[in-house]
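Everything on this sheet refers to the single structure shown next.
The values are calculated or read from the model by the stated rules, or taken from the named source; none is laboratory data. The model shown is predicted, which means the values in this text are computed figures rather than measured ones. When we count neighbours, we look across all protein chains shown, and the Cβ atoms used for this are built from the backbone with ideal geometry, even at glycine. Each accessible area value is taken on the protein alone, full model and side chains, heavy atoms only, with ligands, DNA and RNA left out. Shrake-Rupley method; radii C 1.70, N 1.55, O 1.52, S 1.80 Å.
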4 protein chains.
Amino acid sequence: MSRNFTSDNVTPVSAEILAAINAANVDSVSSYGGDPYTRRLTDAACKVFEKDVAIYPVTNGTAANALALSQCVQGFSAVYCYEAAHIVTDECGAPEFFTGGAKLIGLPARDGKISAKQIAAAVGFALEMGVHHVKPAAISITQATEWGTVYELAHVDQIAEVAKAEFLPLHMDGARFANALVHLKCTPAEMTWKRGVDVLSLGATKNGAMCAEAVVFFNPDMAADFERRRKRAGQLLSKMRYVSAQLLAYFESDLWLKNAERANAAATHLALGLRQNSAVQLLHPVEANEIFVSMPEKMLAGLEAEGFGFYRWPLCVVARDVAIRLVTSFQTRLADVDAFLAACRRLA
Amino acid sequence: MSRNFTSDNVTPVSAEILAAINAANVDSVSSYGGDPYTRRLTDAACKVFEKDVAIYPVTNGTAANALALSQCVQGFSAVYCYEAAHIVTDECGAPEFFTGGAKLIGLPARDGKISAKQIAAAVGFALEMGVHHVKPAAISITQATEWGTVYELAHVDQIAEVAKAEFLPLHMDGARFANALVHLKCTPAEMTWKRGVDVLSLGATKNGAMCAEAVVFFNPDMAADFERRRKRAGQLLSKMRYVSAQLLAYFESDLWLKNAERANAAATHLALGLRQNSAVQLLHPVEANEIFVSMPEKMLAGLEAEGFGFYRWPLCVVARDVAIRLVTSFQTRLADVDAFLAACRRLA
Amino acid sequence: MSRNFTSDNVTPVSAEILAAINAANVDSVSSYGGDPYTRRLTDAACKVFEKDVAIYPVTNGTAANALALSQCVQGFSAVYCYEAAHIVTDECGAPEFFTGGAKLIGLPARDGKISAKQIAAAVGFALEMGVHHVKPAAISITQATEWGTVYELAHVDQIAEVAKAEFLPLHMDGARFANALVHLKCTPAEMTWKRGVDVLSLGATKNGAMCAEAVVFFNPDMAADFERRRKRAGQLLSKMRYVSAQLLAYFESDLWLKNAERANAAATHLALGLRQNSAVQLLHPVEANEIFVSMPEKMLAGLEAEGFGFYRWPLCVVARDVAIRLVTSFQTRLADVDAFLAACRRLA
Amino acid sequence: MSRNFTSDNVTPVSAEILAAINAANVDSVSSYGGDPYTRRLTDAACKVFEKDVAIYPVTNGTAANALALSQCVQGFSAVYCYEAAHIVTDECGAPEFFTGGAKLIGLPARDGKISAKQIAAAVGFALEMGVHHVKPAAISITQATEWGTVYELAHVDQIAEVAKAEFLPLHMDGARFANALVHLKCTPAEMTWKRGVDVLSLGATKNGAMCAEAVVFFNPDMAADFERRRKRAGQLLSKMRYVSAQLLAYFESDLWLKNAERANAAATHLALGLRQNSAVQLLHPVEANEIFVSMPEKMLAGLEAEGFGFYRWPLCVVARDVAIRLVTSFQTRLADVDAFLAACRRLA
């Protein structure tokens, strides 16, 4: 039984994905992405997104986000995003590094979702400042968000409208893309390019892969020279087949959706139980696989003493009590959740 | 009569400084700072600051700030500063460019003055985040601030205490250093290294020079390789003598203090007059040579129609009315101020 | 039978390494390198190198080289290396990117081995140029070299002497480290820190791993903040255990040496056979697992027609004929070599 | 009498240019280039170049070159130039810094003039290397060259042909543009855009200005966002009028040509005299205002003892003897040259 709710990246790799890696371990194939797996991945991605897309596998989400943004902006650019977005607080400056110093303009937001109005106002301010200020160049939103919430499609439409009006590419950090997808019950196309998303960081590692993410351009013309950009960033693996094979297995038989459904279901179950415990308070709606709750320090210490794993979450500001993050994954069983809920009841 | 209150950089150059430039126009001298003017500047700066300092002339404040910070931090670093500091909003990303992508962590602040407590909290958050977050590496404060206020010496002490405790170099953006100095009636040493300031961007251009600022390290050991840093940033002028000569004249006979006294006196006079006009509202204490006021749009339009120059200030958020910035300089005469005040009374 | 001599990175993964990846696929473990595999890797590396070392796994050689250099130098720095070193010609500017623009000073060299004397002269020139020129900051040598040759230990000693005299960290690009090791029949310690090497890019991918290389600092004090550097470069994998497990298996039971011995033996066998064919000419001594030969275009076309794989090598300048590169790997069987040699004889 | 032949940047400023600076010292004018002087400069430049051009004043040649190149290329780019070009050896990595790490591919060249054939071959190699190599993105030539020679117009035509065929912007480092112009006796248009030059670093400082150079785009569409690029590089002076005034005076009444004619004439006179001294050897044709000669160490020491100033030149490799550089300027009088020649004769 797993008592580890620290993150969805502490888990092993999905059996299907590991099998695909093993199956790819035959024959000599061309290196640096010239292999049949990588070619098939492009076909698979076009099918998944119902559109000609350009897809570039990389090994992790930091690289995917930083590379995607660096393709859209320049060093004297502004990227508009949520003030506590992963790209702002959790990537040790990777977006600034890859873009040559672009500025992430962080906007405050309830539940992690920035509004079209905020972006428009910030862009207006920048344009008023003129040459003294960085130039508006891109918008980045996280789906599902850093608080486990999900942008409604109409919300993305509003942001995309500003993006189009101001000629700003719209980037989606999809580290938990599949979790948002199964919550919204829509297609990948509906959540991205049909809304106006231009470039996607597609996560797989948190949802069952080993080290596989991808940058997806919905207009392949936007990807000019991206291969050199990826190469010089140290993300062009010589044995690329093993990353591509992970992503192929991820898409195949809808593994990605199945894994995300299990993770989300576990989170929903956990949230339901926690709502019935008056000692804890849910801090955000639970729409994907992350749950943020506050509870008395004593209760929290009790859970830790019983071996449950989770992070105290520094970004949450709560009046009293302590905030923690609980993350479920495709491996979380309902029994794991029930054990946690039972302990909470005992310690309340 | 001048009706131009847009900025202190719209003025010509002080007669004394122009004379010094003209006087330097004799003989062949070594280029790239190997000239006698630049050597004498170091002596002059050591005398002004009552300490062995390393001083490096550059041509403008953006370069001074960005170079100073780049000497203190690395690309994966955090610089703590006011959220609307000049380095954040007005330098088009120069600090990020020169530092290789360091992140400016902007803190909200009344009157532009950040507190030691805020900084300590932000540093604490960063350390809790660990390797995922940029590393605390420097603090930058602006003296006088972007809102025309001045940090009291005790306030700087508090910030310096955090700086020392966390091993963070303390940078002072002194674009209007002299204006702060004459307000506090203290010595340059008392406002800087005696407080714990490690590196200063010393402004002269807004206070009578043509294109002369300097980066001053109070501990010359901190300046290792700074000459190469300046060179590759395009700030090592071949005919450096003409910049050094400006700074020499700036210090000589206390020209810098005299100029700043005149600018501050005009601002004080202007503030006094505006306070007696019930139609306008002063938005910040007036302690240097910048004044921020809100007034009805109609009154503002009237002033513009009469030829007065000033900027509507996008950073000010005012409930109603419109915010403008008025800047006085060493060239502003009291008659200029009186004319403005009279117009305000007429238009109220 | 494999006719593919294009590179040592077209091969699958060693059975032992794939087994280790599969074996690591159990339980939840801490992410981002906080797992037991990564901890054990440090122990293993210290044992292999007979010294306390700091080892940081990354996913590929470009990242290893660029990160290692970026730890040693600054943007205004010079790195001395062979003019056609991999870091100069094959990494799409990654070293410049990661270092913030350091200049690689390429020195001409027979067989890819630069001399201490050349380096000393180039450093002398730089110092004479002073602030106008980038500052000497590091030396990088490739072992085995880009031409399949190997630096003798005494040669490394001479370079290390210049490095020490000029306070330049000495970096070794060990993409084919194990191949050099088995050629020299010395220990890893003898080929590195006992010679004066400060930081090593340790390759494993070309020699049987999937996506595993490491940066090794022989003086852990040199690694300050390297974790943040790696993080912001997109090389801190969340599921790091799978990279560390590869490297553990690589070292275990001397797999790395066994694999390299097989690759080198195949190359030696190939070279021996080619030397007896008067139509081809070996361009460099064969000391590792790369062979460069020139042959008539007609013969080359014949080999291609028979399905043999290899690259025409643009860097070779040969008077007449065409130059190609042949690479052997741990998977190359002597029968594969014999088939190639037989075809060469037929086509001569 | 001046015995200083070290450089053309040791001189004072031309009387006409200093007068223009003094004359600009009236009234308040808009800052950051919104002044009438800067507006008039654009008109003057269009007239000088007989074309609509975009001209951006900066304070020095390093900034001009680095900014110009950064507008043309990206971090994963290659710039083709002479291996000992000023941008390679004398700007402490500024081009790499401003471009985000682009690689300068240095080509060997007799008299500092690279050939179209060399460039085409290097570009061909890069393209053959594909994604592993930096992408060909620009060509940079220096006119007059670093060896005091001048590209013939037909030579520039040949290089421009490669540039066009490969879609590479052609940059001209015109630190001594006027000296080349008077040598060729052609118009500025004929030496630049009529040949296919896309962007020019126009030098004035070495030829009489104080701190004034400019980046000139012959197709203003190429200058998109250049203002922000200049701003964040610390080259947008608040009191820009004083730089623009220098350039206005530089063009007015053909001051630039008159100054260059005097400098070139002095160099020609010096070369003529040196050719008649069998103890010295001219190392390059003398076509502008720089002379490179080798002479016995004893003779050289004698000249130094007599107070003549010049640099021993580290880049020159001469079989025996020592190489020095002599530079003449608009201030060099023929009597100064005669004194030097007489000393040479005495010391021979």
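Mind telling me which of C:VAL26, C:VAL131, C:VAL322 comes out most flexible in a GNM of chain C, alpha-carbon contacts under 10 Å?
Top of the fluctuation ranking is C:VAL26.
What number, in percent, do you get for the relative contact order of the stretch C:58-113 if the mean sequence gap of Cα pairs under 8 Å and at least 6 apart is divided by its residue count?
43 percent
Determine how large the accessible area of C:PHE310 is when every protein chain is in place; take a 1.4 Å probe and give Å² rounded to the nearest 10.
Spelled out: C:PHE310, probe radius 1.4 Å, area about 20 Å².
Given that compact globular proteins tend to follow 2.2 N^0.38 Å, what is the ratio of the alpha-carbon Rg of chain C to that value?
Chain C yields a ratio of 1.00.
How far, in whole Å, is the closest Cβ of chain D from the axis that maps D onto A, and which residue does it belong to?
Closest to the axis: D:GLY100, 2.
In Å and on Cα atoms, what radius of gyration and Dmax does the stretch A:116-270 show?
Looking at the stretch A:116-270, its Cα Rg and Dmax stand at 17.2, 52 Å.
Considering only protein heavy atoms and a probe of 1.4 Å, how much of the accessible area of the stretch B:74-226 is carbon and sulfur, as a whole percent?
That fraction is 55 percent.
So which helices of chain D fit the span-like rule, where a helix is a whole DSSP H run, its Cα atoms reach 27 Å or more along the axis, and its mean Kyte-Doolittle is at least 0.0?
Numbers: long enough: D:255-275 (30 Å, 0.06).
Span-like helices, by this rule, are D:255-275.
By how many nm would the segment from A:LYS47 to A:LYS117 lengthen if fully extended, with 0.36 nm per residue of separation less the alpha-carbon distance?
That pair, A:LYS47 and A:LYS117, stretches by 21.8 nm at full extension.
Would you mind computing Rg(Cα) / (2.2 N^0.38 Å) for the stretch D:210-288, counting N as its residues?
Rounded to two decimals, the normalised Rg is 1.66.
Based on the alpha-carbon set only, what is the convex hull volume of the stretch D:287-348 divided per residue, in Å³?
Output value, Cα hull per residue: 94 Å³.
What number, in percent, do you get for the relative contact order of chain B if the mean sequence gap of Cα pairs under 8 Å and at least 6 apart is divided by its residue count?
Rounded, it is 24 percent for chain B.
For chain C, what is the accessible area per residue in Å², given a 1.4 Å probe and the full set of protein chains? Show your work: numbers first, answer last.
Numbers: 11570 Å² over 348 residues.
Using a 1.4 Å probe on heavy atoms only, each residue of chain C averages 33 Å².
Separation between the D:PHE167 and B:GLU161 pseudo-spin-labels, each 7 Å from Cα along Cα→Cβ, expressed in nm?
Simple spin-label model gives 6.2 nm for this pair.
Looking at the stretch A:96-111, which residues lose a minimum of 30 Å² of accessible area between their chain alone and all protein chains in place, measuring with a 1.4 Å probe and not counting ligands or nucleic acids?
Residues passing the criterion (a loss of at least 30 Å², heavy atoms only) are A:GLU96, A:PHE97, A:PHE98, A:GLY101, A:LYS103.
For the stretch D:42-66 and the stretch C:289-348, what is the separation of their Cα centres, given in Å?
With the stretch D:42-66 and the stretch C:289-348 each reduced to a Cα centre, they are spaced 54 Å.
Give, rounded to the nearest 20 debye, the magnitude of the charge dipole that the protein assembly as shown has about its Cα centre when Lys and Arg contribute +1 at Cβ and Asp and Glu contribute -1 at Cβ.
So the magnitude is around 0 debye.
Any idea what the dipole of the stretch D:30-151 comes to, in debye rounded to 20, about its Cα centre with Lys/Arg Cβ at +1 and Asp/Glu Cβ at -1? All intermediate terms of the calculation are to be shown ahead of the outcome.
Details: 9 positive and 11 negative charges, 48 e Å.
Dipole magnitude for the stretch D:30-151 comes out near 220 debye.
Hey, got a sec? Which trypsin sites (Lys or Arg not before Pro) in the stretch A:148-213 land in a DSSP loop and have at most 12 other Cβ atoms within 10 Å?
Filter output for the stretch A:148-213: A:LYS185.
Run the label-point distances for A:LYS298 please: 7 Å along Cα to Cβ, every other copy, nanometres, shortest first.
Shortest to longest, the spacings are 6.4, 9.5, 9.9 nm.
Quick one: give the max-minus-min coordinate of the C-alpha atoms of the stretch B:209-348 along each principal axis, largest first, in Å.
Taking max minus min along each principal axis of the Cα atoms, the stretch B:209-348 gives 56, 33, 27 Å.
Across 10 Å bins from the origin, how do the percents of Cα pairs in the stretch D:1-78 run, short distances first?
Taking every Cα pair in the stretch D:1-78, the percentages come to 13, 29, 36, 18, 4, 0.
Quick check: the distance between the Cα centres of the stretch D:137-168 and the stretch C:74-107, to the nearest angstrom?
Each part's Cα centre sits 25 Å from the other's.
In square angstrom and rounded to 100, what buried accessible area do you get between chains C and A, total over both, with the probe at 1.4 Å?
Working: alone 15140 and 15120 Å², together 26350 Å².
Summing both chains' loss of accessible area gives about 3900 Å².
For a quick check, take a GNM of chain B with Cα springs below 10 Å and name the residue from B:MET172, B:MET295, B:MET191 with the largest mean-square fluctuation.
Most flexible of the set in this elastic network: B:MET295.
I'd like the Kirkwood hydrodynamic radius of the stretch B:155-239, using the inverse of the mean 1/r over distinct C-alpha pairs, in Å.
It works out to 14.1 Å.
Among A:ALA109, A:ALA121, A:ALA144, whose mean-square fluctuation peaks in a Gaussian network model of chain A (Cα, cutoff 10 Å)?
Residue with maximal mean-square fluctuation among A:ALA109, A:ALA121, A:ALA144: A:ALA121.
Let me check against my output: what whole-number percent is the relative contact order of the stretch B:1-102, with C-alpha pairs under 8 Å and at least 6 apart?
RCO, the stretch B:1-102: 21 percent.
What are the nm distances, shortest first, from B:ALA224 to its equivalents in the other copies, labels at 7 Å along Cα→Cβ?
From this label point to the equivalent ones elsewhere in the assembly: 0.9, 4.4, 4.4 nm.
On a straight-distance basis, which lysines could pair with C:LYS194 in a cross-link, Cα separation under 27 angstrom, same-chain partners fewer than 8 positions away excluded?
Result set, ordered by chain and number: C:LYS47, C:LYS51, C:LYS113, C:LYS117, C:LYS135, C:LYS164, C:LYS185, C:LYS206, C:LYS258.
In the stretch B:120-196, what is the volume of the convex hull around the alpha carbon atoms, normalised per residue and reported in Å³?
On the way: hull volume 6.9 nm³, N = 77.
Looking at the stretch B:120-196, the number lands at 90 Å³ per residue.
What distance in nm separates the simple spin-label points at C:ALA342 and D:ALA19, each placed 7 Å from Cα in the Cβ direction?
9.2 nm
What dipole magnitude, in Debye to the nearest 20, does chain C give about its Cα centre under +1 on Lys/Arg Cβ and -1 on Asp/Glu Cβ?
So the magnitude is around 300 debye.
Rounded, prolate or oblate: which one fits the stretch B:20-61, using the alpha carbon gyration tensor with axes a ≥ b ≥ c (rounded when a/c is under 1.5, else prolate when a/b beats b/c, else oblate)?
Values: a/c = 1.96, a/b = 1.74, b/c = 1.12.
Prolate, because a/c is 1.5 or more and a/b exceeds b/c.
Per residue, what volume in Å³ does the Cα convex hull of the stretch D:241-322 take up? Each step should come with its number before you reach the end.
Values: hull volume 10.8 nm³, N = 82.
Cα-based convex hull of the stretch D:241-322, divided per residue, equals 132 Å³.
For q values of 0.06, 0.08 Å⁻¹, compute log₁₀ I(q)/I(0) with the Debye formula on a Cα-only model of the protein assembly as shown, without solvent.
Debye curve over Cα of the protein assembly as shown, log10 I(q)/I(0) at q = 0.06, 0.08 Å⁻¹: -0.58, -1.03.
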